[in-house]
């Protein structure tokens, strides 16, 4: 056998480092500057050493919660010492927990990620690297199942979380493999004695539940991890339907979803598609929580009038826009919307099709009956001075509402109608050549109910003497 044909089996510890290298390259992080969270425990210290073996640029971050007194300080000293020995810059922070902050673990996790993200930006790092491994993933999935989390969450932690720039290269590596590598490299680390306490769910699963399952259900951990494939499959189905509904009718952007299409789905599917739709918005933050109750309220928007909305955070709202469900930042949603340029037309231009309305002249028929509760609006054009203008209302506009003797500001008219602030900008007016407003047009309604689309001025309402009318209909009808 020649030397070229001889291939000895590689030590598993060498394979672990090679897997790390491959993962870095696959995610375009090779030679990038990385921020590494290091607690001083086995997992993070082993990852720190492996990155040193690969000669990567690393900025080390350690948070000292002070919960174990001198032991916590010793953890920090070890991280500082080894980081300096490896030639890595390190930043350590002392933080204090208060019972007012609520759940300790939730508080510590939230604070930790806030520090990581702020320092990632400040230090110009391409990713935050964490030492979560396969055993952590199993524990995460088990807790999700016990808490009746949606099957979509069964894919657990992501190897690469692009939204938060989180990189977990060891999710396919077991704790046993990491321990073997640390032993072979004589990696110094400190054992957190609180890990032996079963008051935390993870510790209980690890210390009490896992040994029993190992004895009765060999390979159970691999079976749990196998459930990720079902979550991925469900995600693919969900993304397929989301793409179908959100691209049925292309408009000026992709931040909408078709209400008629969505209403054809079962309620649970509606919630799931809406959740994915919201989470895909560029302004949605992963840390924001979409509760089941909030999703129920959003589903109710499918039967609501246009302009109805639900706040999903301090910065984002979901609202109805005729046959679409849209998502927007609160700032964008609250500011007045830009309208089409002023539309000017005369008798010869009719019939006329506008983006939201159609207009035409007709001979008035006394048998038309009551026009006040129909998806159209009719005004007497006998006294109209041509040409007419269709435009957005502006502060200072006045007209004479039906049944009133005097004139009223349109702004007051909208207040009396209890029109929400964010819908007011969608009301239009028709003005004649004498600069008199002959009608106010309401935004088209996403509903099957018959409702008026506007209000004619008292001065231009149809009467027994009316001979010709301007009929305005919603394009939706």
Helix 70-86 versus the longest principal axis of the chain: what is the Cα-based angle in degrees, 0 to 90, to the nearest 10?
90
Taking square-rooted eigenvalues a ≥ b ≥ c of the alpha carbon gyration tensor, is region 96-141 rounded, prolate or oblate, where a/c under 1.5 means rounded and, failing that, a/b exceeding b/c means prolate?
oblate
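Given contacts defined as C-alpha pairs under 8 Å and at least six residues apart, what's the relative contact order of the chain, whole-number percent?
Dividing the mean separation by the residue count of the chain yields 11 percent.
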Fraction of beta bridges assigned by DSSP in the chain that are antiparallel (%, nearest 5)
75
Using the beta-carbon distance between residue 118 and residue 157 and R0 = 30 Å, what value does 1/(1 + (r/R0)^6) give for FRET efficiency, to the nearest 0.05?
0.90
If 346, 126, 459 are placed from fewest to most neighbouring beta carbons inside 10 Å, the sequence is 346, 459, 126
What is the angle, in °, between the Cα long axis of helix 220-246 and the longest principal axis of the Cα atoms in the chain? Nearest 10 is fine, range 0 to 90.
20
When 166, 225, 213 are ranked with the fewest other C-beta atoms within 10 Å first, the list becomes 213, 225, 166
Final fewest-first order of 47, 111 on the 10 Å Cβ neighbour count is 111, 47
Just the Cα atoms of the chain: what Rg and Dmax do they give in Å?
32.4, 111
I need the semi-axes of the equivalent ellipsoid of region 7-218: take the C-alpha gyration tensor, multiply each eigenvalue by 5, square-root it, list largest first in whole angstrom.
25, 23, 19
Please compute P(r) over all alpha-carbon pairs of region 86-175, binned at 5 Å starting from zero, and give each bin as a whole-number percent.
3, 11, 16, 20, 22, 17, 8, 3, 1, 0
So for region 343-474, what percent of the C-alpha to C-alpha distances run longer than 18 Å?
52
Return one number: the angle in degrees, 0 to 90 and rounded to the nearest 10, between the long axis of the Cα atoms of helix 134-146 and the longest principal axis of the Cα atoms of the chain.
50
Value of [θ]222 nm, deg cm²/dmol, for the chain, DSSP H segments ≥ 4, -39500 (n - 2.57) each, nearest 500:
-10500 deg cm²/dmol
Quick check: pseudo-label points 7 Å beyond the Cα along Cα→Cβ at residue 360 and residue 180, how many nm apart are they?
8.1
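Where a number appears in this text, it was derived from the coordinates with a stated rule and is not lab data. Computed from a predicted model, the values in this text were never measured in an experiment. When we count neighbours, we look across all protein chains shown, and the Cβ atoms used for this are built from the backbone with ideal geometry, even at glycine.
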